[in-house]
1. Among 112, 155, 201, 119, which is of a type in the set (Val, Ile, Thr) and touching a Ser or Thr at 6+ places or on another chain (Cβ under 6 Å)?
2. What are the residues in the range 190-219 that are within 27 Å of the chain's Cα centre (by Cα), open to solvent by 50 Å² or more (accessible area, probe 1.4 Å) and not hydrophobic (A, V, I, L, M, F, W, C), if any?
3. Among the residues of the range 243-270, what is the count of those that are open to solvent by less than 60 Å² (accessible area, probe 1.4 Å) and of a type in the set (S, T, N, Q)?
4. Anything in the range 128-141 that is without any contact (Cβ under 8 Å) to a residue 60 or more places away in the chain, assigned to a helix (DSSP H, G or I) and within 33 Å of the chain's Cα centre (by Cα)? List them, or say none.
5. Quickly run through the range 83-101 and pick out the residues that are in a helix (DSSP H, G or I) and surrounded by 13 or more Cβ atoms within 10 Å (Cβ to Cβ).
6. Just to check your reading of the model, which residue among 80, 54 is hydroxyl-bearing (Ser, Thr, Tyr), in a helix (DSSP H, G or I) and in contact (Cβ under 8 Å) with a residue 40 or more places away in the chain?
7. Select from the range 15-49 the residues that are in a loop (DSSP other than H, G, I, E, B), among the hydrophobic types (A, V, I, L, M, F, W, C) and either closer than 16 Å to residue 327 by Cβ or open to solvent by less than 80 Å² (accessible area, probe 1.4 Å) (or both) and list them in ascending order.
8. Can you tell which of 52, 12 is more than 26 Å from residue 196 (Cβ to Cβ), under 32 Å from the mean Cα position of the chain (by Cα), surrounded by 13 or more Cβ atoms within 10 Å (Cβ to Cβ) and aromatic (Phe, Trp, Tyr)?
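The values are calculated or read from the model by the stated rules, or taken from the named source; none is laboratory data. These numbers come from a predicted model, not from an experiment. Cβ placement follows ideal geometry from the backbone for every residue including glycine, while neighbour counts extend to all protein chains displayed. Protein only, heavy atoms only, side chains kept; ligands, DNA and RNA dropped before computing areas. Shrake-Rupley method; radii C 1.70, N 1.55, O 1.52, S 1.80 Å.
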Amino acid sequence: MKNFSFLRLSVWFYLAIFFAYLLGPLLIMSVTAFNSPGFPQATPWECLTFEWFSALFQDERILNGIKNSILVGAGTVVLSVAMGLAGALMLTQIWPKLRATYYTVIIAPILIPGVVIGISTLVFWDRINRLIGLEADSFLSNGLFLTIIGQSTFIASYCMLVLVARLQRYDIALTEAALDLGATHAQAFRKVLLPFMKPAIASAAVLAFLASFENYNTTTFTFGEYPTLTIELAQKVRYGITPAISALAFIIVVLTVFAALFNEATIRRRELVAAARKDATVEELESGRLRLPGFLSSNWAALGLVGVACFTIVIVGTASVYSPAQCIADVKEQKRLETDLRIQELRQRRAEDAARRAAEEAENGGSNTTEVPTQPSTGGGNNSGFGGVFNPNALGGDNNSTPEAEEKSSAPAAPETGGSSAFGGAFDPNALSGGDASDGN
């Protein structure tokens, strides 16, 4: 019993860590959409504000990116679902010995990096455009067309996998029965197969749209004049982001949760209705007095959906009446006071450091009053390797010459090793030998 309880606690602990790792970044980013600082941050919390949602809806680039993403997503859904359905039908009807090879070929685009697909799409259709002889700005070079084609190349494989899973449960005898009753192949496909495949087609369409909406690697080479939302967000992150992006993330999260709960609530209600009809008596079914369960009864997804809807209504209502101006002004005043205090502390610290250095210099100066200061040597007997090149009196010529130097100048000239020129003894070949080569010094 204890082992069973420990196992259950371990499973719940693992699930808590897993969902915290999975949903934690989304929750934190959603919180930053309601914080007043200009850079997305959850802590320290300053003021509750809704201005970033207003800034989001006033950002023309973001709105244009959303529009382009929807257009690209719609085109990708149509093309990918159609190709995926055709590939799934071919896979189920192809010769069994070729089925494995065909499956490998049709799945290969998933394994190819998106960068390679984007570059190859751009190069291929540019070559086709030149072979046909169209202009450089033709529809084959249009960013919208290239993006849809490039994304559909690999998204169609995902759609095919979803449709194949549904098609494997289809009884081919239904199509054969329709053909025996006089229906054409088109009628059998439209009236028998398509209704059976409708749930899988809807799932594949949603998957294709989401994959297209978030794609970046392929789109970055093909978008042309139609940058999608991911392209615009990447450029904003490069040049500086604001919490408006967090507001967009919050809206996407809420819409995703709402759609998921709505779908789950609908499925749950259908199951409850089917169970009620199964347990009903013949009299109740014939009389129509069967009492079906309500939308909220025994339906946790419906309750969650109502909760999300109420939360959204509260957020919108609060945003329409709440003004964070006073809170933001108080925070700015507090920051100004903190800045002034830090400046005063810094000035006081600098004054203390200056006073301490002055005291140390005074103490060192008093202890060295008995020492005789050394006079800087101006003669040419410099034993350093550079001679007198760094002597400040080297460029002064004979203006600063002493009487002793004048007396020496009247004597016969002898080779000098000290160097009396402006460069001292820098070019004396014996200068680098130091004191060993100077006999008179």
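1. The match here is 155.
2. 214, 216, 217
3. Number of matching residues: 2.
4. Scanning the range 128-141 gives 139, 140.
5. Matches in the range 83-101: 83, 84, 85, 86, 87, 88, 89, 90, 91, 92, 99.
6. 80
7. Correct list: 33, 34, 42, 45, 47.
8. 52
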